[in-house]
Each structure stands twice: as C-alpha cells, then as structure tokens.
Amino acid sequence: MNKLALPIALIALIAAISSFFFLQSSSDLVYVDVNKLLDGYKRTKIVKAAFDEKAKTMKSNVDSLLSEWQNELKVYEKERAGLSKKELELKQELLGNKQQQINNYQQAVQKQLQEEDKKVTQTVINDINDFVKEYGKTKGYKVIFGATGSGTIMYGEESADLTDQVLEELNAEFEGK
C-alpha cells in the first residue's frame, strides 16, 4: 500500500500542475499593435486632417509675411542709391526689425503647432487606451499588451493579436457617437 501511495501522489501532483498550466488560458495574455490602431482609427484621420488644415493656414500667414518683407527688401535695393545716409540707416533698421518680428512669429507658430499636435495626438491615444481598457474588461482579458515596434513585444502568436478586432470595434464606437 505504501509503495502505491507515493507514485499515485506524484501522478496526482503532476496532473494538478499540468491542469493548472493547461487551464491557464493563453488568451489571458494578448496584445494590440498600437501603431496600427493609431493609423486605422477613423478619429485619427479626422483630427489629423483638421490639424493639417490649421497648420497650412498658419504657415500660409508666415509665408505671406515673408513675401511682403522680401518685396520691401527688393524696393529698398532699387531705391537705396537715391536715399540719404540717414534714410538708409532708418530703412535698414525698419527692415531688420520687421525680419526679427517675422522670425519671432514663425517660431511662435511652430511652437504652437507642436503643442497642438501633441495635444490632439494625446487625445486620440487617450480614446484608444480607454477603449482598450473597457474592451479588456468586457472580454475578460487579464492583460492586453501594446506592441509599438520598438521592442516592447518582440514576438506574439497571431492568435494573441487583437488589433483587428479592437480596431473594428473602436471605429464602430466612434462612428456611433
């Protein structure tokens, strides 16, 4: 009896450990391709188009100011031979000041565009993160990893990739709003 108890206990232990690992669903650990979600999310395209239009308008304003300044510079070059020394100095100072103002404005526009780009991108990312969180809870996943292509997930079975399903439901939710 003692001789059978040890092998039976070992078999029971092995069966318990095996069933524990077997019953641990691999679907508990899944991932999504974050870049693919960002690119495929319809709100991203809408937000990017609106941002691009605003950036185009702001850059157009800068370009028109530069064009005006360049025209003034050409006029100055033509008239300069007939100007007095005092008029030359005054005109050069005015052109220099205007150029500095345009440069400052251009830098301010670039800074504003960078900040707005960050802001709208973060808004879209927050939408995606909130959706994925709810999606994971609803579907019963313990962990959903985000693959970014920069080494966070080097390999994952295709069956663990939820990107297409999440993207489809994310866009459906967005269009339903």
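The values are calculated or read from the model by the stated rules, or taken from the named source; none is laboratory data. Keep in mind the model is a prediction, meaning the values are calculated, not measured. Please note: Cβ atoms are built from the backbone with ideal geometry, for glycine as well, and neighbour counts cover all protein chains shown.
Candidates in the stretch 167-177 are the residues that are touching a residue at least 24 places away in the same chain (Cβ under 8 Å) and farther than 14 Å from VAL124 by Cβ; of these, the one that is surrounded by the most Cβ atoms within 10 Å (Cβ to Cβ) is GLU169. The requirement of being farther than 30 Å from ASN171 by Cα, charged (D, E, K, R), surrounded by fewer than 14 Cβ atoms within 10 Å (Cβ to Cβ) and modelled with pLDDT under 85 is satisfied by LYS3.
Listed here are the residues, each with its yes/no results for (1) within 45 Å of the chain's Cα centre (by Cα); (2) at pLDDT 90 or above; (3) closer than 30 Å to VAL143 by Cβ.
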{"residue": "PHE22", "(1), (2), (3)": "yes, no, yes"}
{"residue": "SER27", "(1), (2), (3)": "yes, no, yes"}
{"residue": "PHE51", "(1), (2), (3)": "yes, yes, no"}
{"residue": "GLU68", "(1), (2), (3)": "yes, yes, no"}
{"residue": "LYS86", "(1), (2), (3)": "no, yes, no"}
{"residue": "GLY96", "(1), (2), (3)": "yes, yes, no"}
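Going by what's in this entry, would LEU113 be described as farther than 27 Å from ASP39 by Cβ and of a type in the set (A, V, I, L, M)? Against the criterion (farther than 27 Å from ASP39 by Cβ and of a type in the set (A, V, I, L, M)), LEU113 does not qualify.
Taking the stretch 133-148 only, how many residues are among the β-branched types (Val, Ile, Thr) and in a loop (DSSP other than H, G, I, E, B)? Before you say what the answer is, go through the steps one by one.
Within the stretch 133-148, the first condition is being among the β-branched types (Val, Ile, Thr), and the residues that meet it are 138, 143-144, 148.
Subsequent filtering for residues that are in a loop (DSSP other than H, G, I, E, B) retains 148.
Of the residues in the stretch 133-148, 1 are among the β-branched types (Val, Ile, Thr) and in a loop (DSSP other than H, G, I, E, B).
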